[in-house]
Amino acid sequence: MFAYYLQLGLRSLRRNPALTALMVIAIGFGVAASMTTYAVFRAVSGDPIPDKSAQLFKPQIDNWGHQHGRTSDEPPNAMDYTDAMALMRAHKAEKQTVSFPIGPSLIPADSSAMPINVVGFATYADFFSMFEVPFKYGGAWPASDDAQHASTVVINAKLNQRLFGGSNSVGKSINLEGHDYRIAGVTDNWNPQPRFYDVVNGGGFSTPPQIYIPFSRAIDLQMQTFGNNSCNGPGGRGDSFADYLRSDCVWLSYWAQLPTAAAVASYRSYLQAYAADQQRAGRFHWAPNIRLRNVMQWLDYQKVVPPETQVSLLLSLGFLVVCLVNTIGLLLAKFMRRAPEIGIRRALGASRREIYAQFLAEAAMVGVAGGLLGLLLTALGVLGVGLVFESQIARLARVDPALIGLTLLVAIVATVIAALYPTWRASRVQPAWQLKSN
Amino acid sequence: MQISPILSALRHHKAGTALIAMQIALTLAIVCNTLFIIQQRVAHLSRPSGIDEAHLLRIQNQWVGQHGDYAPLLAADLATLRHVPGVVDAYATNSVPLSGGGWSTGLGLKPSQNGPTAMTAIYFADDHTLPTLGVKLVAGRNFRADEISDMPALSKPTPPFVIITRALASKLYPHGDALGKSVYVAPDKPSTIIGVVRRLQAPWTGNFAASFSDNSTLVPFRLITNGTNFVLRVRTGQMGNVMRTAPKALYAANRMRVIPDDDGVMPFSAIRAKAYASDRGMAILMAVICVMLLAITAAGIVGLTSFWVGQRRKQIGVRRALGATRGDILSYFLTENLLIGMGGVLLGIALAIGLNLWMVTRFEMQHLSLWYVLAGAVALLLLGQGAVFAPALRASRVPPVEATRSV
Amino acid sequence: MLKMNHLSKVYRTEVVETYALRDFNIDVKEGEFVAVTGPSGSGKTTFLTIAGLLETFSGGEYHLDGIEVSQLNDNARSKIRNEKIGFIFQAFNLIPDLNVYDNIEVPLRYRGMKGAERKQRIMDSLERVGLSSRAKHYPAELSGGQQQRVAIARALAGSPRLLLADEPTGNLDTQMARGVLELIEDIHRDGATIVMVTHDPELAARAQRNVHIIDGQVVDLSEEPRFHSHPEETTQSQR
């Protein structure tokens, strides 16, 4: 019977090509608009590290208070050197790391080649295992390198390709700002998006890091952060690097790995106690004010999903709703125009359910056609997003099987929902209708 | 045209009438808010930076292999750049408008003031800065060459005097008498305002600097660090040449430097495009959605009205047989659409305002101007009339003989 | 076959109640050919729609083939229409989007019949109405008489026990009307019960029995049931 309904539906749709085309186009555009914006939304709001996002925590300590006209009750979104080092020494988490972005120039061994700029992080050995960085060759530097302020470096596969033609370069050296660093490992492709571990700089969607060096070594060399630095007090950065490290300027990103609820609770009380100690010691003139957010909470707090994306998703959904209302109207017109046919079918013994099934099948076919058109338009739309949104975000939006499936599903479900009322009306046509009208 | 018979006819098409009205209402709500967002974006991205962007080029430079004294390198590079053919003038700075990165600080009117009077962007400048940027002084004077001093990267800027923008001046001294007065860039030492420029935008275009986007302070310093931005004023028509020759001249003078491949050499037109990419993108996306929405709504009205006309052919024939003119039939359908449209528009106005209020609380948007709603309402009524015209015309051509035909 | 006792049908609007049928009694025996006559608005079409389960009634009883139908739900009524009743309408009521073959197939589809059997029945009934060559034509491509014969073929294909006809020749000229009537009589000879509404006394005369409706009630004309007569003779005798 279903095949019969499909056959009837196809015949009916072919009878009014203009009306059918209008419905298909409405559904297609509505679905494409919402799916395109959804693709962008999905790209920017996803969980960058699903299996560990609930274990990785971002501690924040308020080292500014309401001093110097500051009114916010939220602690700064980065940490100053004093607090970061205190937490690092305390070593209360299973794993922990402090990092800041660096942008040194790399001087090639071949003296005829031009120096290049590279970007990356000064960090601790735990960084790699905490954030599940995959390695192509070698691995993270040993924790002892952190303690010994060693000149060691991890580079990414792309830089390795450029410098060493992609061969195993572990043990070789590169020169950053005039200092040699021994390569401990080469990372494989790794660029979780949003870049949760450093959303404060670059809004969370920057290019992948090329190098990593030990934090302790970078401080020895007085490397400055390539990212944001914020100071609250009148002293600012101070006059020297030593002043800077003592200042209340925040520029460091701290992460702790806390695998269990108990670990989270005890870390929270540790932070509380630490801040209380600082108050007692006279460094903080305010009550302890700390935060401990996991990855998704942190991304949400930092508003990593651009409001434009949310607004456009919303408006696209509104657009889809208008397209659906439009389709309801057109289907109603199309179905009610066939009231005589329905009357005859009913007189010939079709039950309401059979009429319902017939017209719903017809609507579903419009949905399928709309979905296919929508798919095509979504693909175009995702391409077009590159012209519209910042390329770092646009790059993330892509058409994959999940999106294809969702597009078709949305189109069909939406059309069938839109068809419910017109179909109900069609099924209420009285079998006597035709006799009466004559 | 009598309205009550139309209304009673519509009562027999409750569903169709409600659907068209609802579609008009939703379209109005979405289009008003969308146009409003577009307008805000356009206003945002067409904000003037105050500099002569058409003639300006930025080169990002980082010296490598040397440590310590960058001052001679800076002086040498500037001399090199000023001699590149097509270059009118050049200076070096920490940041430029629209670049997205720079220094901001609070300014006070008293020493060690608790809480700043105004926030400002800090630009490092010399005597060449104003002529290079093409920024106009409205009061006071420019820096002199002998007033420019070196400042190492990590020190606190304590400028003896500053040049500020008019916007900042009126924030600090609302009575328009800022020139010659003091302002505290550093907490303890006052700086004298020696000049006021008409306009110079801060480096940030996002929300961060929304409250002080036109507040800028020029300080008479050379920033002595390994990286700098050179800003070049280029003769009309020479931009393409200078973009090629200027970095070559720098490398020829000293090849121990990095000028990034992708954004190292950028004319201000490109910097502006990059700074406002997401605003422009949003505006385009919204405009596309708006146009499609209006088209779909118009098509929906055409479709449903055509159906009604088809359904009522006999009735129209009877009316014609009873003496209705073509004009009567045409105006019947136009009036019918106008009535539905007005119902939809009334609902739509409420929806538009509701949607905007919700977005105001949820996305910190601004309040929708009522003019947008009214303009949108009129536009949708006209759209409805336009859409209904073709089917109505077809209805008016139904011959009176139709009355005698059976279905 | 068809028995109505004290049946009534009321149309209610906001202002008035109209009795279309009131205290309506009729008994049509299995295999009978009954003509229902009466002036316009007398309720004869209402009677036919109720008889065909196209409409419900307001009061009384209606037994169709021994089943009391007033309590049946829509599905059961659809099933009875589909399996026991054939309709012939004045306006033919073919589905314009479907060709002749597909039109005839409609009731068989709802019966859930297998494809091969459907085809057999469709071809048989088309042959019977003499339109085998027109299976692929659309209704618009046929004359009125041909269309009505397709409608009859559609009714025939389902082998109905009861054939309800509403002015089956009303839209046809005499020549075509005669052919259609012959077909109906043919079906009657095969054993179907036939109820035909008409206001044409000539047509009514062809039935075994006439029932006259005035103001929604059966009026006894005290007529004896007629013998079945040969159509040719009757036609000639009344000319």
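Return the total of residues in segment A:325-340 being within 10 Å of chain C (Cβ to nearest Cβ) and buried (at least 24 other Cβ atoms within 10 Å of the Cβ).
Selection size over segment A:325-340: 0.
Just to check your reading of the model, which residue among B:349, B:340 is under 40 Å from the mean Cα position of the chain (by Cα), more than 11 Å from chain A (Cβ to nearest Cβ), under 30 Å from residue A:308 (Cβ atoms) and surrounded by 15 or more Cβ atoms within 10 Å (Cβ to Cβ)?
The conditions single out B:349.
Out of A:184, A:281, A:263, A:218, which single residue is free of Cβ contacts under 8 Å to residues at least 12 places away in the same chain and among the hydrophobic types (A, V, I, L, M, F, W, C)?
Among A:184, A:281, A:263, A:218, only A:281 is free of Cβ contacts under 8 Å to residues at least 12 places away in the same chain and among the hydrophobic types (A, V, I, L, M, F, W, C).
Considering only residues that are within 14 Å of chain B (Cβ to nearest Cβ), part of a helix (DSSP H, G or I) and within 25 Å of residue A:57 (Cβ to Cβ), which ones fall in segment A:235-278?
Scanning segment A:235-278 gives a single hit, A:245.
Among the candidates A:233, A:204, A:227, A:185, single out the residue that is open to solvent by less than 10 Å² (accessible area, probe 1.4 Å) and at pLDDT below 85.
Values: A:233 fails: open to solvent by less than 10 Å² (accessible area, probe 1.4 Å); A:227 fails: open to solvent by less than 10 Å² (accessible area, probe 1.4 Å); A:185 fails: at pLDDT below 85.
Exactly one residue qualifies, and that residue is A:204.
Please verify whether segment B:262-270 includes one or more residues that are among the hydroxyl-bearing types (Ser, Thr, Tyr) and facing chain A (nearest Cβ under 10 Å).
No; the residues of segment B:262-270 include none that is among the hydroxyl-bearing types (Ser, Thr, Tyr) and facing chain A (nearest Cβ under 10 Å).
It is to be established whether one or more residues within segment B:354-371 are away from chain A (no Cβ under 14 Å), surrounded by 17 or more Cβ atoms within 10 Å (Cβ to Cβ), in a helix (DSSP H, G or I) and touching a residue at least 24 places away in the same chain (Cβ under 8 Å).
no
Quick grid of which residues meet (1) surrounded by fewer than 15 Cβ atoms within 10 Å (Cβ to Cβ); (2) touching a residue at least 12 places away in the same chain (Cβ under 8 Å):
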residue	(1), (2)
B:144	yes, yes
B:148	no, yes
B:151	no, yes
B:157	no, yes
B:164	no, yes
B:172	no, yes
B:176	yes, no
B:181	yes, yes
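For segment B:15-50, name all the residues that are among the hydroxyl-bearing types (Ser, Thr, Tyr) and more than 11 Å from chain A (Cβ to nearest Cβ). Walk me through it before giving the result.
Step one: filter segment B:15-50 for residues among the hydroxyl-bearing types (Ser, Thr, Tyr), giving B:17, B:27, B:34, B:46, B:49.
Answer for segment B:15-50, where residues must be among the hydroxyl-bearing types (Ser, Thr, Tyr) and more than 11 Å from chain A (Cβ to nearest Cβ): B:46, B:49.
Which one of these is farther than 16 Å from residue B:200 by Cβ and out of contact with any helix residue (DSSP H, G or I) (no Cβ under 8 Å at 6 or more places or on another chain): B:90, B:75? If you could, list the steps in order and put the result at the bottom.
Values: B:90 fails: out of contact with any helix residue (DSSP H, G or I) (no Cβ under 8 Å at 6 or more places or on another chain).
From the options B:90, B:75, the qualifying one is B:75.
With respect to residue C:72, determine if the residue is more than 21 Å from residue C:31 (Cβ to Cβ), open to solvent by 10 Å² or more (accessible area, probe 1.4 Å) and more than 8 Å from chain A (Cβ to nearest Cβ).
yes
Scan segment B:51-103 for residues that are within 21 Å of residue A:237 (Cβ to Cβ), more than 22 Å from the chain's Cα centre (by Cα) and within 12 Å of another protein chain (Cβ to nearest Cβ) and report the count.
4
Against the definition (under 21 Å from residue C:106 (Cα atoms), within 14 Å of chain C (Cβ to nearest Cβ) and at pLDDT 90 or above), how does residue A:361 come out, yes or no?
So residue A:361 passes the test.
Just one of the numbered conditions (1) more than 14 Å from chain A (Cβ to nearest Cβ); (2) in contact (Cβ under 8 Å) with a residue 12 or more places away in the chain; (3) over 30 Å from residue A:303 (Cα atoms) is not true of residue B:212; which one?
Single failed check for residue B:212: (3).
If you check residue B:329 against the conditions, is it within 9 Å of chain A (Cβ to nearest Cβ), of a type in the set (Val, Ile, Thr) and over 30 Å from residue B:63 (Cα atoms)? Please lay out each step first, then the result.
Numbers: within 9 Å of chain A (Cβ to nearest Cβ): no; of a type in the set (Val, Ile, Thr): yes; over 30 Å from residue B:63 (Cα atoms): yes.
No: the conditions fail for residue B:329.
So which pairs qualify, if the first residue must be in segment B:4-23 and more than 13 Å from residue B:337 (Cβ to Cβ) and without any contact (Cβ under 8 Å) to a residue 40 or more places away in the chain, the second must be of a type outside the set (S, T, N, Q) and buried (at least 18 other Cβ atoms within 10 Å of the Cβ), the Cβ gap must be under 7 Å, and the two must be at least 6 apart or on different chains?
Matching pairs, first to second residue: B:15/A:332.
Go through B:29, B:121 for me and flag whichever is aliphatic (A, V, I, L, M) and either over 25 Å from the mean Cα position of the chain (by Cα) or in a strand (DSSP E or B) (or both).
Checking each option against the conditions leaves just B:121.
Tell me which residues, restricted to segment B:226-250, are out of contact with any helix residue (DSSP H, G or I) (no Cβ under 7 Å at 6 or more places or on another chain) and either surrounded by 14 or more Cβ atoms within 10 Å (Cβ to Cβ) or among the hydrophobic types (A, V, I, L, M, F, W, C) (or both).
Correct list: B:226, B:227, B:229, B:238, B:239, B:241, B:242, B:243, B:245, B:247.
Go through segment A:310-324 and give me each residue that's at the interface with another protein chain (Cβ under 7 Å from one of its Cβ atoms) and open to solvent by 10 Å² or more (accessible area, probe 1.4 Å).
Scanning segment A:310-324 gives A:310, A:318, A:321.
Residues A:349, A:367: which one is in a loop (DSSP other than H, G, I, E, B), open to solvent by less than 30 Å² (accessible area, probe 1.4 Å) and farther than 17 Å from residue B:13 by Cα?
A:349
Could you please find all residues in segment C:107-131 being closer than 16 Å to residue C:147 by Cβ and surrounded by fewer than 16 Cβ atoms within 10 Å (Cβ to Cβ)?
Of everything in segment C:107-131, just one residue is closer than 16 Å to residue C:147 by Cβ and surrounded by fewer than 16 Cβ atoms within 10 Å (Cβ to Cβ), namely C:130.
Considering segment A:121-144 alone, what residues qualify as being out of contact with any helix residue (DSSP H, G or I) (no Cβ under 9 Å at 6 or more places or on another chain) and crowded, with 17+ Cβ neighbours inside 10 Å?
Listed by number, the residues that qualify are A:128, A:138.
Pick from segment C:137-167 the residues that are part of a loop (DSSP other than H, G, I, E, B) and away from every other protein chain (no Cβ under 14 Å): which of them is least open to solvent (accessible area, probe 1.4 Å)?
C:142
Among residues belonging to segment B:16-43 that are in contact with a Leu (Cβ under 7 Å, 6 or more places away or on another chain) and of a type in the set (Val, Ile, Thr), point out the one that is surrounded by the most Cβ atoms within 10 Å (Cβ to Cβ).
The residue in question is B:27.
For segment A:104-118, how many residues meet the condition of being at the interface with another protein chain (Cβ under 9 Å from one of its Cβ atoms) and touching a strand residue (DSSP E or B) at 6+ places or on another chain (Cβ under 6 Å)?
The total comes to 7.
Across segment A:48-99, what is the total count of residues that are of a type in the set (Lys, Arg) and open to solvent by less than 30 Å² (accessible area, probe 1.4 Å)? Break it down into steps so the answer makes sense when it comes.
Pass one, segment A:48-99, residues of a type in the set (Lys, Arg): A:52, A:58, A:70, A:89, A:92, A:95.
Filter once more, so that each one left must be open to solvent by less than 30 Å² (accessible area, probe 1.4 Å): A:52, A:58.
Residues meeting the conditions: 2.
Are any residues in segment A:20-33 at the interface with chain B (Cβ under 10 Å from one of its Cβ atoms), of a type outside the set (Val, Ile, Thr) and buried (at least 19 other Cβ atoms within 10 Å of the Cβ), and if so, which ones?
A:22, A:23, A:26, A:29, A:30, A:32, A:33
The values are calculated or read from the model by the stated rules, or taken from the named source; none is laboratory data. Note that the structure is predicted; figures quoted are calculated from it, not measured. Every residue, glycine among them, receives a Cβ derived from its backbone with ideal geometry; neighbour counts consider all protein chains shown. Surface areas here come from the heavy atoms of the whole protein model, side chains and all, with no ligands, DNA or RNA. Shrake-Rupley method; radii C 1.70, N 1.55, O 1.52, S 1.80 Å.
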